[in-house]
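Undergrad: There's a structure below that I have some questions on.
Please treat every number below as a calculation from the coordinates, not as lab data. These figures come from a predicted structure and were not determined experimentally. FYI the Cβ positions are ideal-geometry reconstructions off the backbone, even for glycines, and counts take in every protein chain you see.
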Amino acid sequence: MWRVNIPALLQHRTVIGIDLLGEAGMSVQDEPITGPDDEAQWLDDALAGLGLDGAHLTGVSIGGWTAVNYAVRRPGRAVSLALLDPVFTFARVPAKALLVSAGLFLPAPEAVRRRVFSWISGGAEVDDSLPEAALIAAGSTDYVMRKAMPKSFTDDQLRSLDCPVLALIAGRSVMLDAARAAARARNLLPRGQVELWAGASHAINGEYPVEIAETAGAFWDEVDGA
């Protein structure tokens, strides 16, 4: 999912990609994930296994939620957070989006999955030749997700974040109310840099790989005092 982002990101930092446990990927889950505490524990275990005392965490959509959840439950471990249109974080996911997104994970005709993917991506045509399309198709047809629904963060939890946060909110996102999400992030994040990218859809990472890398790179440099 980060294929087009990695070359640009590598101009600024070393990149380590981690599959989210409970979702389709190469990682192997050997313990149940029953809620936010378990989500934070597996990421803590992964970073410890990599020998990292701290890391700049970056995530898109549910990956953004995962990064915030970790920082809320493991204060001091994340150096910073870069969040790309994170769901369940600054604004609720509309009921329509929850229902339509189920088409990616429940048994459904290929034509339905293609329409859902296009809708989430702001109406973009689905190019079956892209590895991302093949990945989503395989994950939606050959993988059964067994994972608790994420819990939205309270105002106090967002205020408690002790690290700098870069939040890039997609103005055309169907997964959240962009204006409301940006306003709540600006109001609650104690060390937040919040940007509303009007032309971006929920597929923001694929639409603006160079711009994201440049924005995140400058943010990381500022955090590190470079």
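Undergrad: Sequence-distant or interchain residues sharing an amide H contact under 5 Å with ALA82, placed H: which?
TA: Amide H neighbours of ALA82: LEU57, THR58, GLY59, LEU166.
Undergrad: Taking the simple approach of a point 7 Å from Cα along Cα-to-Cβ for both HIS12 and ARG146, what is their distance in nm?
TA: 3.8 nm
Undergrad: Also, quick follow-up: Given axes a ≥ b ≥ c from the Cα gyration tensor, I'd like to know whether segment 1-100 is rounded (a/c under 1.5), prolate (a/b larger than b/c) or oblate.
TA: Rounded is the answer for segment 1-100, as its axis ratio a/c remains below 1.5.
Undergrad: Stretch ASP30-THR154 to full length: gain in nm at 0.36 nm per residue minus the Cα-Cα span? Kindly include the intermediate steps, with their values, before the conclusion.
TA: On the way: separation 124, 0.36 × 124 = 44.64 nm, distance 2.99 nm.
In short, 41.7 nm is gained.
Undergrad: Could you give the length gained by full extension between ASP45 and GLU211, i.e. 0.36 nm per residue of separation minus their alpha carbon distance, to one decimal place? Intermediate results must be reported in sequence, preceding the final value.
TA: On the way: separation 166, 0.36 × 166 = 59.76 nm, distance 3.13 nm.
My answer for the length gained is 56.6 nm.
Undergrad: How many angstrom separate the Cα center of segment 169-226 from the Cα center of segment 53-70?
TA: A separation of 13 Å, based on Cα centres.
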